[in-house]
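The values are calculated or read from the model by the stated rules, or taken from the named source; none is laboratory data. Everything numeric here is computed off the predicted structure, so don't read it as measured data. Note that each Cβ is placed from the backbone with ideal geometry, even for glycine, and that neighbours are counted across all protein chains shown.
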Amino acid sequence: MGKEAATDFLIIGYGNTLRSDDGIGPRVADVVASWQLPNVRAIASHQLTPEMADALVAAEVVIFVDARQVNAEDKSSFGVTFTALSAAEDAAPNSFHISDPRRLLALTKQLYGRCPQAWLISVPGVNFDFGESLSEPARQGVEVALRRIRLLFTSQ
């Protein structure tokens, strides 16, 4: 078992907060952390790292939150998606850079023999230029993601 205290839910929001909508994941994680719910832990990070495997193995459910670049003209792509994830089958055992949640799940399974149930919330973004503010579609997507996460916690 990992060094982390056991939690029911782990939220990992990742992305670059200095690249406008790419900061969606950390913003969602920061809001969830501010709720201070029991048995819920939230991590805001620039990127996924191998060290996060300790936190993953201590959780029953992990929810990754990331931005998804969409075309501003294609309004049909603006939906927030909620996708079940499993450990990557082809993850290299000595990989030091983890860019995909499935690879982090695979590393957790390799190190600890188990990994949590996992989901990816993908929030659409249209502006990935330098800046710290979110576009309107990204702000709306963040609100949708937070509502879905809150519903998950209240249904338990």
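Confirm whether Ser99 is touching a residue at least 24 places away in the same chain (Cβ under 8 Å), among the polar types (S, T, N, Q) and touching a strand residue (DSSP E or B) at 6+ places or on another chain (Cβ under 9 Å). When the stated conditions are applied, Ser99 does not pass them. If the condition is being within 14 Å of the chain's Cα centre (by Cα) and either under 18 Å from Ser135 (Cα atoms) or in a helix (DSSP H, G or I) (or both), then region 22-46 contributes Asp22, Gly23, Ile24, Gly25, Pro26, Arg27, Val28, Ala29, Asp30, Val31, Val32, Ala33. Among the residues of region 47-56, those that are of a type outside the set (Val, Ile, Thr) and either in contact (Cβ under 8 Å) with a residue 40 or more places away in the chain or assigned to a strand (DSSP E or B) (or both) comprise Gln47, Leu48, Pro50, Met52, Ala53, Asp54, Ala55, Leu56.
Do we have Leu111 as crowded, with 19+ Cβ neighbours inside 10 Å and either modelled with pLDDT under 90 or more than 17 Å from Ala44 (Cα to Cα) (or both) here? Judged against the criteria, Leu111 is not a match.
Run Pro116 past the list (1) under 21 Å from Thr154 (Cβ atoms); (2) more than 12 Å from the chain's Cα centre (by Cα); (3) free of Cβ contacts under 8 Å to residues at least 60 places away in the same chain and report the number of the one that doesn't hold. All conditions pass for Pro116, except number (3).
Mind checking which residues of region 22-34 are surrounded by fewer than 21 Cβ atoms within 10 Å (Cβ to Cβ) and either among the acidic types (Asp, Glu) or touching a Leu at 6+ places or on another chain (Cβ under 9 Å) (or both)?
To start, the set of residues in region 22-34 that are surrounded by fewer than 21 Cβ atoms within 10 Å (Cβ to Cβ) comprises 30-31, 33-34.
Passing the criteria: Asp30, Val31.
Just to be sure before I move on: is Val70 free of Cβ contacts under 8 Å to residues at least 60 places away in the same chain, crowded, with 18+ Cβ neighbours inside 10 Å and more than 13 Å from the chain's Cα centre (by Cα) in the structure I sent? No. Strands (runs of 3 or more DSSP E) fully within region 57-156 that include at least 1 residues being touching a Gly at 6+ places or on another chain (Cβ under 7 Å): 59-69, 117-125.
In the list Leu85, Leu37, Leu56, which residue meets the criterion of being modelled with pLDDT of 95 or more, out of contact with any Lys or Arg (no Cβ under 6 Å at 6 or more places or on another chain) and not β-branched (Val, Ile, Thr)?
The match here is Leu56.
Consider Ser76 carefully, then state whether it is out of contact with any His (no Cβ under 9 Å at 6 or more places or on another chain) and either surrounded by 13 or more Cβ atoms within 10 Å (Cβ to Cβ) or modelled with pLDDT of 95 or more (or both). No: the conditions fail for Ser76.
Just to be sure, is Val32 farther than 26 Å from Gly113 by Cβ and touching a residue at least 40 places away in the same chain (Cβ under 8 Å)? Yes: the conditions hold for Val32.
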